[in-house]
């Protein structure tokens, strides 16, 4: 009988530990969802801190060395701000533009390719251990 009691106690303790771990995981998921919801609800209430133009050659969406240097400078600045406690909860906005010459549809497509090129560069270059990894990055 004592053996059965010990076995049942061990099973109950194991089940309690698993339940506690599941509850902790659920609590963390709820907290994460609440934080995301708060950020999404506040997307229209932000102040522009820094605007940085990344320039492209005429009719091009290729990031040249000068543009890369500009993006790298901004990423370094963002990392420094984050380390000093100033970058918590930032939102990064990448917007593409083209000049007004040519057809509107062509310019819109070029603007989109330029924005995507900057986003791609940011994500592939800074995804591990820098601007993108040190703070939440919203790019749209």
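Return yes or no: is residue 75 modelled with pLDDT of 85 or more and exposed (fewer than 12 other Cβ atoms within 10 Å of the Cβ)?
Answer is no for this residue.
Results for (1) more than 21 Å from the chain's Cα centre (by Cα); (2) in contact (Cβ under 8 Å) with a residue 40 or more places away in the chain; (3) within 17 Å of residue 122 (Cβ to Cβ), shown as yes or no for each residue.
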site	(1), (2), (3)
15	yes, no, no
32	no, no, no
44	no, no, no
65	yes, no, yes
68	no, yes, yes
75	no, yes, yes
79	no, yes, yes
84	no, no, no
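The values are calculated or read from the model by the stated rules, or taken from the named source; none is laboratory data. As the structure is a prediction and not an experimental result, all values here were calculated from the model. With ideal geometry, Cβ positions are generated from the backbone for all residues, glycine too; neighbour counts draw on all protein chains shown.
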